[in-house]
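Everything on this sheet refers to the single structure shown next.
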Amino acid sequence: MTIKPLDQAVGSIEAMKAVFARDMKVAFRQRQDLLNPLLFFMMVVTLFPLGVSPEISFLQEAGAGILWVAALLSVLLSLDHLFRHDFDDGTLEQLVLQPQPLFLLVLAKTMAHWVLTGLPLVLLTPVLGVMVHLDGNSIAILCLTLLIGTPVLSLIGAIGAALTLGLRSAGVLLSLLIIPLYIPVLIFGTGTVAAAAEGAPVGAYLALLGAFLVLALTLAPFASAAALKVSLSNS
Amino acid sequence: MWQFFHKLGSPKWFYGIAARLMPWLLVLGLLCLGAGLVWGLAFAPKDYLQGNSYRIIFIHVPSAFLAQSVYIMMASAAVVTLVWRMKLADVFVKAAAPVGLVLTFISLFTGAVWGKPTWGTWWIWDARLTSMLILLFLYGGVIALDRAINDEKSAARAVAILVLVGVVNIPIIKYSVDWWNTLHQPATFKLTEKPSMPAEMWVPLLLSVIGLYLVFGWLACLRMQTEILIREHRTRWVQDLFHVDGVVK
Amino acid sequence: MAFDSFGAFLVMEGHGPYVWASYGVFFVLMAVLMVGSYRRRTAVLKSCRQRAGSRSSRAPKPDSGTASAAAASFTRVDVSQD
């Protein structure tokens, strides 16, 4: 990033783009980290046929739920490095000190996180959907719900990540705090697929998921920004 | 008016007020609670549908009601913490959260036990119980976060943020779980759905609710006093509590 | 009275265990909460009193353990979550 003279202050959108680009760049330097959530996703899904039953009837009924839960857990696991690496090397403090509104910068970081974590999960879903014997229509609706739902998971998760930054046992604590907040998204995500399987129209459910997304987009970054300031003042 | 609010922020002032309120809260609370429970247990008539097991309602409803009220109170206090930075507000949150947790647990336990004679099963994933379970998790999270952060001020603000995020989610959770439940609900009748409760039933219920509220008030005052003492033990006024004419009481 | 005898009151036509378990859990948990909170406050008050006592006395305290014991009682129990 070139340093601009003071009379050419960096606009908020530019700053967001810069933060987004930086996060993507940094993530690609450690490509292994990108693969881990995907592997985890696959492994968790695999556990269910192994642990419960590989019967087609069971998998068809439970498949959407299994995939949703696995995706949820994968996002949860990956939230750790949303802020932690920057926290450890001091970049986060610099970010908080920027003149641009912190909630916008946090939003940019969260979006980068989703592109790196949630989006690949959505892209992998058709493969796993076939493995759990879901039919084409269900897989399509499932992908759609995940596409709308995983950003919500990243946004809400960012709040938890910000709150538990630098704490001992942050990982477990994060899960404890965030999972109750994930439950509505889970319920509607899987409910939509169930409705589609019965042939019912899903427009309303998707609209509701969209409403969750809008709510999360508008409110969560503020909470995350506030939480970041608290965590940084604590360290 | 502003003076009142200013005073409200003073731990010393609250300590004194609490000391004066507490005996009343406890006595009145135990009286109301006792009256309500004894009435409900021994004197209220048997329910025509559920028989005697419905008497659990006199414990279940007050604790469920309070469990939710306490969280709302905590959310209000959280707003005060974040906006006005009033110390007492986060003392309240810290004091009330474990009580809320216990009340939620009691509500869940009694709800489950009530389910056995009513639906034939110990646990049922109905909307109300599931929402209560999630509330239990929310309380647990608040307590866990508070314990994990060592610095008092940071803990106060972090917990306040968490409580507010939770409270925004509570209506969403309720709505989601209700909707989810209609998808999966076998045809069973709801827990406390009756066309109208006769006076012999709702009066003791009301008494129990009021009684439990008052007892909660006592508990909150007590626990807040303890927390204030811990935080302010170095101040003059705390030390003066123990001095009578220059001699330690 | 809704019951004919004390025995009937206890049994509650078969629902006795459920009702009494519920009431029992309620009373036990509330009692533990209330008594526990009260005892904690008493302990904290005692520590404060000791501190106030050790401060007000001018003579050098032979056992400075009192003050540190009082201070120690304020340490929060760190719940290890590792």
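The values are calculated or read from the model by the stated rules, or taken from the named source; none is laboratory data. Since the model is a prediction, treat every value here as computed from it, not as a measurement. Glycine gets a Cβ as well: all are built from the backbone with ideal geometry, and neighbour counts include every protein chain shown.
List the helices (runs of 4 or more DSSP H) inside segment A:49-126, counting only whole elements, that have at least 1 residues being of a type in the set (S, T, N, Q) and within 15 Å of the chain's Cα centre (by Cα). I'd like the intermediate steps shown before the answer.
Working: elements: A:56-78, A:80-89, A:91-97, A:102-116.
Helices (runs of 4 or more DSSP H) meeting the threshold: A:56-78, A:102-116.
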Assuming residue B:160 fulfils every condition listed in (1) more than 8 Å from chain A (Cβ to nearest Cβ); (2) touching a residue at least 40 places away in the same chain (Cβ under 8 Å); (3) surrounded by fewer than 24 Cβ atoms within 10 Å (Cβ to Cβ) apart from one, which condition is it?
(3)
Collect the residues in segment C:11-23 that are more than 7 Å from every other protein chain (Cβ to nearest Cβ) and within 24 Å of residue B:212 (Cα to Cα), keeping them in residue-number order.
C:16, C:17, C:20
Within segment A:193-235, track down each residue that is of a type in the set (S, T, N, Q) and surrounded by fewer than 19 Cβ atoms within 10 Å (Cβ to Cβ).
A:218, A:233, A:234, A:235
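For segment B:23-46, what are the residues that are of a type in the set (A, V, I, L, M) and either surrounded by 18 or more Cβ atoms within 10 Å (Cβ to Cβ) or in contact with a strand residue (DSSP E or B) (Cβ under 9 Å, 6 or more places away or on another chain) (or both)?
Here is the first cut: in segment B:23-46, the ones of a type in the set (A, V, I, L, M) are B:25-28, B:30-31, B:33, B:35, B:37-38, B:41-42, B:44.
Selection gives B:25, B:26, B:33, B:37, B:41, B:44.
Can you tell me which residues in segment A:70-99 are of a type in the set (A, V, I, L, M) and touching a residue at least 24 places away in the same chain (Cβ under 8 Å)? Don't jump to the end; show me each part of the working.
Going residue by residue through segment A:70-99, those that are of a type in the set (A, V, I, L, M) are A:70-73, A:75-77, A:79, A:82, A:92, A:95-97.
Residues satisfying the conditions are A:70, A:71, A:72, A:73, A:75, A:76, A:77, A:79, A:82, A:92, A:95, A:96.
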Pull up segment A:49-85, narrow it to residues that are among the β-branched types (Val, Ile, Thr) and surrounded by fewer than 16 Cβ atoms within 10 Å (Cβ to Cβ), then point me to the one that is nearest to residue A:39 (Cα to Cα).
A:52
Matching entry among B:141, B:111 (being buried (at least 21 other Cβ atoms within 10 Å of the Cβ), without any contact (Cβ under 8 Å) to a residue 40 or more places away in the chain and under 17 Å from the mean Cα position of the chain (by Cα))
B:141
Counting only residues in segment B:79-124 that are in contact with a Lys or Arg (Cβ under 9 Å, 6 or more places away or on another chain), within 14 Å of another protein chain (Cβ to nearest Cβ) and more than 29 Å from residue B:58 (Cβ to Cβ), the one modelled with the lowest pLDDT is identified as B:85
